Amino acid sequence: MADHLLTTQGLTIQFGGHVAVSDVDFQLKPGTFKSIIGPNGAGKTTFFNLISGQLKATRGAVFFKGTDLTGKGVAARARMGIGRSFQITNVLPSLTVLENVRMAAQAVSGVSFRLFSHYRKFSALEQQAHELLKKVHLDSQADKLAKNLSHGDKRKLEIAILLALEPELLLLDEPTAGMSLEEVPAIIEVIRELKAAGGQTILLIEHKIDMVLDLSDELAVLFNGKLLADGTPEEIMNNDLVQSAYLGGLYDDAIKS
């Protein structure tokens, strides 16, 4: 476990009679870009929710840097270094693009929000926000209200906000969801540059398989709440069990054999 940034052991959550995530043992090494794939309803977002603390496991455990996160909520996990994006954008629409990022940086710095009206005293925070906006290609829109951004640019802003929180682990849940075809290449480029820059371990949920294969060091496959396979992209794409599951084939028979 010491060699892994994130580990789950027997992670399970049950809603009534439905087991959404079932006995998942999962590992993620520091500095790795890993994607989780699987059909709709496989349990991918639920798995993210268990890692980030939005949901409480029925049984099993999540370890981050060797620390058991059982009993720790979303805020505590975020302070430990887990940053999470959602399928639906999560920005403050009535603030400017810059203000959204600066507020996140301000929260990490511990500067009192009672002094928010005098934010210009905190030029270092504002400069940090500008630098983060450059990373996501939004520096030219710093003064625009967030509500006036395109959907794709809102996703970029959300990533900048997450980066301002200085996470060691970045959980990206379908960052291209709801985007037009024209917007997708820009967000892929942002994610590719984040990977190249280093500094974060990235765990991605995404249905666009070309994007996943292009970016990922490793892939994990969830199917019916179970971890079906875990390995390099080449290993996963050549896995007969994975191919059968995606083709609606023989998963139930194969998993019993």
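The values are calculated or read from the model by the stated rules, or taken from the named source; none is laboratory data. Since the structure is predicted, the reported quantities are computational estimates derived from the model, not experimental observations. Backbone-built Cβ (ideal geometry, glycine too); neighbour counts: all protein chains shown.
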Residue count for the range 2-60, restricted to those that are on the phi > 0 side of the Ramachandran plot and modelled with pLDDT under 95: 3
Filter pass, Arg79 being more than 18 Å from the chain's Cα centre (by Cα), surrounded by fewer than 19 Cβ atoms within 10 Å (Cβ to Cβ) and among the basic types (Lys, Arg): no
Output for the range 162-182, where each listed residue is over 13 Å from Ile82 (Cα atoms), of a type in the set (A, V, I, L, M, F, W, C) and in contact with a helix residue (DSSP H, G or I) (Cβ under 9 Å, 6 or more places away or on another chain): Ala177, Met179
The range 28-49 residues that are without any contact (Cβ under 8 Å) to a residue 24 or more places away in the chain, paired with ones that are part of a loop (DSSP other than H, G, I, E, B) (beta carbon under 6 Å, 6 or more apart): Asn49/Leu55
When residues of the range 122-174 are limited to those that are touching a Gly at 6+ places or on another chain (Cβ under 7 Å) and assigned to a loop (DSSP other than H, G, I, E, B), the one farthest from Arg192 (Cα to Cα): Leu165
Matching residues, the range 138-158, being crowded, with 16+ Cβ neighbours inside 10 Å and either hydroxyl-bearing (Ser, Thr, Tyr) or under 15 Å from Thr96 (Cα atoms) (or both): Leu138, Asp139, Gln141, Ala142, Ala146, Leu149, Asp153, Lys154, Arg155, Lys156, Leu157, Glu158
Selection within the range 1-27 - in a loop (DSSP other than H, G, I, E, B), touching a residue at least 24 places away in the same chain (Cβ under 8 Å) and either out of contact with any Lys or Arg (no Cβ under 7 Å at 6 or more places or on another chain) or under 19 Å from Ile191 (Cβ atoms) (or both): Met1, Ala2, Leu5
